[in-house]
Amino acid sequence: MERHSILTSQFLHSELTCPGNATICEGASCVLPPDNYNAILNTVLSTVITVMLALVMFSMGCTVQIKKFWGHIKRPWGIAVGFLCQFGIMPLTAFILSMAFNIHPVQAVVVLIMGCCPGGTGSNILAYWVDGDMDLSISMTTCSTLLALGMMPLCLFLYTKTWVDSSSIIIPYDSIGIALVTLVVPVGFGMFVNYKWPRHAKKILKIGSITGGVLIVLIAVIGGVLYRGSWDIEPKLWILGTIFPAAGYCFGFVLAFISNQSWSRCRTVSLETGMQNTQLCTTIIQLSFTPEQLSLMFTFPLIYSIFQILFAALLLIGYRLSLRFSKNKTVLNDEETKPDSLHGETNGVFKLDDQQCEVATQDIVKM
């Protein structure tokens with residue numbers, strides 16, 4: 001939060017002099033110029049984080065194969081499931097939770113804004129760590145960010161009119177555009193590097209995955225420090241901020257499983273659903289509401305950010321432990337690395353027509 005632009009200090013003794021940077025000094029009153037420390041710090045940190053994020057997405061792009069990525073765009077079955085989760089389940093879940101907890105109308109609005117935001121780039125980093133479908137993850141993040149230009153106003157119009165006039169909520173299309181460019185351009189370069197120099201791409205990927213983990217934690221810590229004055233809120237908003245991301249992960253996984261997606265895709269859709277773009281949510285509420293309203297609602301994106309990272313970390317730990325202690329570890333890894341069907345069939349399904357069977361039989365006889 002920015003400090004007040006004009007600070008007035010009343011001195012106990014008139015003989016005290018004002019600071020050298022005072023604009024007005026009359027008797028015991030001293031008027032200081034605007035203190036833009038937080039604004040400058042926000043600008044610097046935003047720039048640094050944007051650059052780091054672009055580098056991380058460049059490294060994530062090094063995992064993407066152009067043919068598979070284009071296959072997801074041509075036959076977007078996985079993207080369609082993610083779209084239903086992102087702009088169907090999440091806004092509806094936000095609305096139901098807001099009604100169930102009977103929270104303040106302004107707080108209900110910020111919960112709905114969070115539910116209507118597209119997926120965040122943190123999901124791409126975590127999808128890599130849980131052996132998810134990176135081609136699907138990046139295509140889902142790209143498509144959800146692009147479709148947010150139209151779907152966010154629609155969802156907010158449908159759900160927020162219970163509490164406020166949806167026209168008062170300002171959608172920062174420039175921020176969405178910047179997020180889209182920050183995602184698409186570095187990923188495009190990463191795909192090119194993976195195509196031309198696959199060995200170098202693997203080295204870049206290792207560095208980028210570590211940097212991405214540091215970036216996720218850094219964003220959460222910086223948000224908590226900069227806005228530490230906003231942490232005094234009702235306990236039920238903490239509870240709601242805990243339940244909401246967990247519900248997103250669960251609903252995303254269940255819907256992907258029901259639609260007969262592979263295990264790697266189920267994990268990917270789960271992360272893409274639960275990991276929301278909290279920075280975009282913060283920007284929207286800063287543009288749309290008064291300082292008095294911000295004091296009631298500004299903390300929720302931070303709470304959501306913390307718990308979405310916490311639950312994602314638990315999912316990652318659980319997945320890694322299951323690989324380590326599974327008796328069929330080799331079989332599981334083989335299944336996870338097999339190419340997914342574009343029609344959403346599970347990895348363990350193989351279909352050979354009669355001609356393929358005949359050719360395979362002849363090869364065996366020759367051996």
Does segment 157-171 hold any residues that are part of a helix (DSSP H, G or I), among the hydroxyl-bearing types (Ser, Thr, Tyr) and either farther than 17 Å from Cys281 by Cα or within 23 Å of the chain's Cα centre (by Cα) (or both), and which are they?
Tyr159, Thr160
Tally, over segment 262-283, of residues that are touching a residue at least 40 places away in the same chain (Cβ under 8 Å) and either aromatic (Phe, Trp, Tyr) or more than 25 Å from Ile178 (Cβ to Cβ) (or both)
7
Within segment 254-287, work out how many residues are open to solvent by 40 Å² or more (accessible area, probe 1.4 Å) and touching a Lys or Arg at 6+ places or on another chain (Cβ under 7 Å).
0
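Residue-by-condition table, conditions (1) among the aromatic types (Phe, Trp, Tyr); (2) in contact with a Gly (Cβ under 9 Å, 6 or more places away or on another chain); (3) more than 29 Å from Arg267 (Cβ to Cβ):
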| residue | (1), (2), (3) |
| --- | --- |
| Met99 | no, no, yes |
| Val110 | no, no, no |
| Ala127 | no, no, no |
| Asp131 | no, no, no |
| Met140 | no, yes, no |
| Trp163 | yes, no, yes |
| Val185 | no, no, no |
| Tyr195 | yes, no, no |
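For (1) crowded, with 17+ Cβ neighbours inside 10 Å; (2) closer than 23 Å to Gln86 by Cα, each residue gets a yes or a no:
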site	(1), (2)
Ser137	yes, yes
Thr141	yes, yes
Gly150	no, yes
Val164	yes, yes
Val193	yes, no
Residues in segment 308-329: is at least one among the charged types (D, E, K, R), at pLDDT 80 or above, more than 22 Å from Ile169 (Cβ to Cβ) and not in a loop (DSSP other than H, G, I, E, B)?
yes
Residues Asp174, Asp232: which one is over 30 Å from Gly150 (Cα atoms), open to solvent by 90 Å² or more (accessible area, probe 1.4 Å) and either modelled with pLDDT of 80 or more or outside any helix (DSSP H, G or I) (or both)?
Asp232
Please go through segment 235-248 and give me each residue that is touching a residue at least 12 places away in the same chain (Cβ under 8 Å) and open to solvent by 10 Å² or more (accessible area, probe 1.4 Å), ordered by number.
Lys236, Trp238, Ile239, Thr242, Ile243, Ala246, Ala247
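The values are calculated or read from the model by the stated rules, or taken from the named source; none is laboratory data. Given the structure is predicted, the values throughout are model-derived calculations rather than measurements. FYI the Cβ positions are ideal-geometry reconstructions off the backbone, even for glycines, and counts take in every protein chain you see. For the accessible areas, the whole protein counts, side chains as well, though only heavy atoms, and no ligand, DNA or RNA atoms are used. Shrake-Rupley method; radii C 1.70, N 1.55, O 1.52, S 1.80 Å.
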